[in-house]
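Visitor: The structure's right below; bear with me while I get my questions together.
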Amino acid sequence: MRSIDANDISALAGLLQSCSDFVIVIHTHPDGDAVGSGCALQEFIASVPGKKVRVITPDAPPFTLDFLCEGRDFLDASAKPAEAAALIAGCDALICLDFNAFRRTEGLAPLLAASPARKVLIDHHLNPERDAFELCFSCTEVSSACELLYEVLKALPQVGGDVCKLPPFSRYALMTGMTTDTNNFANSVYPGTLRMAGELLQAGVDRDDILDRLYRQDRPQKLHAFADLLGSHLEILPGGIACIYMSEAMKAAYGISEGETEGLVNIPLSLAEVRMSIFAREENGVIRVSLRSKPGLSANELAARFFHGGGHTLASGGKIFIPDDISSESGARDYIAAAAARFLQDEGGPEK
Ligand code: 5GP
Ligand code: MN
């Protein structure tokens, strides 16, 4: 990671001191990195007497992350839109975590743009919307927003590089988000990621507890659904693009929810012949798409060109809209196959 600009750190330290009413915003369909960084920063700011700080999520975090956000001051804007709008319009400072552009918060985007609050971005995605922020901490050579936030917090004068000066729950939440975004150290691991993990372990973070809560608390129906999805719904398209499609009916039949399918998209990459994996699922009339690629193919490019999305080079997401992209849900599989074929053709053919 490039070192963080000392002037930006001074500016952030000044902002943290002079503002008293903070709102932290994370992206829609929040994942472990979004929720982890939100919790960590909230705890850090709230540890200073006199500071008010709320975390606003555009929609509800999955229940699999309850262990992080339950009992904390999180506001689900989809459940309480008026309250969220008032907080965004009335706060002194808005701090956006784990997304690169206001549109990643969907319905909150115009409110964020219109708010007179001072605005800070701390994020690790490609193409940050720099002009929308007074202060922009953006770096793609980190595992996660949690890793970047960790470095930013450590650099603040009141922390002075001493991890033990971060509140214990901030340390725990940062380790959690880094763990989920690296898929438990399987991808996006940089030297700084391992340094962070070592320092947090040294400072007493209970990693066994994190692993237990993230990876050892599944319900049987999740494994049943995974078996079916990988056994009967996985298709390898020409050129080594794996595609799994899950309909709303299938999700309902197994009784699984968003959050429980986290990680599924990575599994087909274990096949030698697979160069990119796509997991598409129907959700409230939209097809949500997750993409993961091996080095040499850009999931980000495919997501941007065909799925109105983006993210990171090897891990991205997007959507297929009905009726704009396909006339009905039944057209999703063909749309994905055609997009993959076009993409590979432009890349120079499936054998490249
Ligand atoms: P996931 O597949 O886990 O939902 O997302 C993978 C990565 O792509 C994450 O970094 C996420 O923030 C990003 N991402 C997911 N969906 C979208 C989307 O609709 N648009 C953009 N620009 N990025 C997305
Ligand atoms: Mn992230």
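The values are calculated or read from the model by the stated rules, or taken from the named source; none is laboratory data. For clarity, every value in this text was computed on a predicted model and none was experimentally measured. Quick reminder, even Gly has a Cβ in these numbers, built from the backbone with ideal geometry, and neighbours come from all protein chains shown.
Visitor: Does Gly50 meet the test of being at pLDDT 95 or above, under 23 Å from Lys165 (Cα atoms), within 16 Å of ligand 1 (Cβ to nearest atom) and not aliphatic (A, V, I, L, M)?
Guide: So Gly50 fails the test.
Visitor: So which of Pro168, Pro191, Pro110 ends up being free of Cβ contacts under 8 Å to residues at least 60 places away in the same chain, away from ligand 2 (no atom under 16 Å from the Cβ) and under 19 Å from Ile56 (Cβ atoms)?
Guide: Exactly one of Pro168, Pro191, Pro110 is free of Cβ contacts under 8 Å to residues at least 60 places away in the same chain, away from ligand 2 (no atom under 16 Å from the Cβ) and under 19 Å from Ile56 (Cβ atoms), namely Pro110.
Visitor: Looking only at the range 147-162, decide whether some residue is assigned by TED's automatic domain parsing to the domain that holds Pro30, touching a residue at least 24 places away in the same chain (Cβ under 8 Å), within 16 Å of ligand 1 (Cβ to nearest atom) and not charged (D, E, K, R).
Guide: Within the range 147-162, one or more residues are assigned by TED's automatic domain parsing to the domain that holds Pro30, touching a residue at least 24 places away in the same chain (Cβ under 8 Å), within 16 Å of ligand 1 (Cβ to nearest atom) and not charged (D, E, K, R).
Visitor: Determine which single condition Arg333 fails, assuming it passes every other condition in (1) touching a residue at least 60 places away in the same chain (Cβ under 8 Å); (2) basic (Lys, Arg); (3) in contact with a Lys or Arg (Cβ under 9 Å, 6 or more places away or on another chain).
Guide: With (1) touching a residue at least 60 places away in the same chain (Cβ under 8 Å); (2) basic (Lys, Arg); (3) in contact with a Lys or Arg (Cβ under 9 Å, 6 or more places away or on another chain) applied to Arg333, the lone miss is (3).
Visitor: Now for a separate question. Restricting to the range 151-183, give me the number of residues that are part of a helix (DSSP H, G or I) and farther than 24 Å from Asp5 by Cα.
Guide: Counting residues in the range 151-183 that are part of a helix (DSSP H, G or I) and farther than 24 Å from Asp5 by Cα gives 8.
Visitor: Are there any pairs, at least 6 apart or on different chains, whose C-beta atoms fall under 8 Å, with the first in the range 123-140 and β-branched (Val, Ile, Thr) and the second within 15 Å of ligand 1 (Cβ to nearest atom), and if so, which?
Guide: As it stands, the answer is Thr140/His124; Thr140/His125; Thr140/Leu126; Thr140/His312, since those pairs meet every condition given.
Visitor: Of these, Ile45, Ile56, which one is away from ligand 1 (no atom under 16 Å from the Cβ) and crowded, with 24+ Cβ neighbours inside 10 Å?
Guide: The match here is Ile56.
Visitor: If you go through the range 220-261 one residue at a time, how many are crowded, with 18+ Cβ neighbours inside 10 Å and more than 22 Å from Glu329 (Cβ to Cβ)?
Guide: Total satisfying the criteria: 3.
Visitor: If I filter the range 8-17 for residues that are in a loop (DSSP other than H, G, I, E, B) and surrounded by fewer than 21 Cβ atoms within 10 Å (Cβ to Cβ), do I get at least one hit?
Guide: no
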